[in-house]
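Scroll down for the structure; my scribbles are underneath it.
The values are calculated or read from the model by the stated rules, or taken from the named source; none is laboratory data. Owing to the predicted nature of the structure, the values given are computational and were not obtained by experimental measurement. All Cβ positions, even for glycine, are placed from backbone atoms using ideal geometry, and neighbour counts span all protein chains on display. For accessibility, only protein heavy atoms count, side chains too; no ligands or nucleic acids. Shrake-Rupley method; radii C 1.70, N 1.55, O 1.52, S 1.80 Å.
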Amino acid sequence: NAKAGTSDVFVSVQPQGKMDYDEQQTDVHYMSKGDAEFQWRMVWGMPQTEKAAKLYIQVGDYDKIGANEMIGEAEFDLAPICERLKKRGKGQFIDTWVTCASPKAEGARARVCLTVELLKLDEAALKPAGKGRDTPNANPRLVTPIRMKPFKPSCPCM
């Protein structure tokens, strides 16, 4: 890290279930002193037959050279939300904090504020939303967080 006591934080999420889903990752919050902010949208298509879906969440410390270090990980069970969607027949929304732990360390290492919205296909068509903060940046509109700029050396060889 460029400065002691900071991390270059990112979050990756991958649904797990009957189908294979792509892993998606946020941008990097450079030199975070502990409260990284992303305002990042991840979008997946999921069949209604998916009964045991979970979100596998990893919080990492980005390293430009070498391997990224995992700060913490967690699984978030989507089954209760999927079941409510099936019973009510319309979109389901939840805001929650997910605690991420590391197999290498005791206790919580990170917490992620997660908003999950599950929509039926016809509802999703009425609420288009791009990944990250891409177009269409709607439902909801996400703003780019104000962050410290990463260190950029003036030497052209770096």
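For segment 1-66, the relative contact order works out to 45 percent when only alpha carbon pairs closer than 8 Å and six or more residues apart are counted. Taking every protein chain into account, the accessible area of the chain amounts to 67 square angstrom per residue (probe 1.4 Å). Taking every C-alpha pair closer than 8 Å and separated by at least 6 residues, the mean separation divided by the residue count of the chain gives a relative contact order of 20 percent. Coupling constants for segment 59-64 follow from the phi torsions by the Karplus curve (6.51 cos²θ - 1.76 cosθ + 1.60, θ = phi - 60°), and in residue order they are 10, x, 10, 6, 10, 5 Hz; glycine and proline get x.
Of the accessible area of the chain, computed with a 1.4 Å probe over protein heavy atoms only, carbon and sulfur atoms account for 53 percent. Residues whose amide H falls under 5 Å from that of residue 137, counting only those 5 or more places apart or on a different chain, are 130, with hydrogens built in the peptide plane. Amide H contacts for residue 31 (H built 1.01 Å from N in the peptide plane; partners 5 or more residues away or on another chain; cut-off under 5 Å): 7, 8, 9. For segment 46-151, what does the alpha-carbon gyration tensor say about shape, rounded, prolate or oblate, given a ≥ b ≥ c as the root eigenvalues, a/c under 1.5 as rounded, and a/b over b/c as prolate? Here segment 46-151 falls in the oblate category. With axes computed from alpha carbons, what is the tilt in degrees of helix 79-88 against the longest principal axis of the chain, rounded to the nearest 10 within 0 to 90? Tilt of helix 79-88: around 40 degrees.
Structure remark: mean-square fluctuation, Gaussian network model of the chain, C-alpha springs under 10 Å; the largest value among 88, 141, 41 belongs to 88. Distance between the pseudo-spin-label points of residue 39 and residue 106 (7 Å out from Cα toward the beta carbon): 3.9 nm.
Mean sequence separation of contacting Cα pairs (under 8 Å, at least six apart), scaled by the length of segment 97-146, corresponds to a relative contact order of 20 percent.
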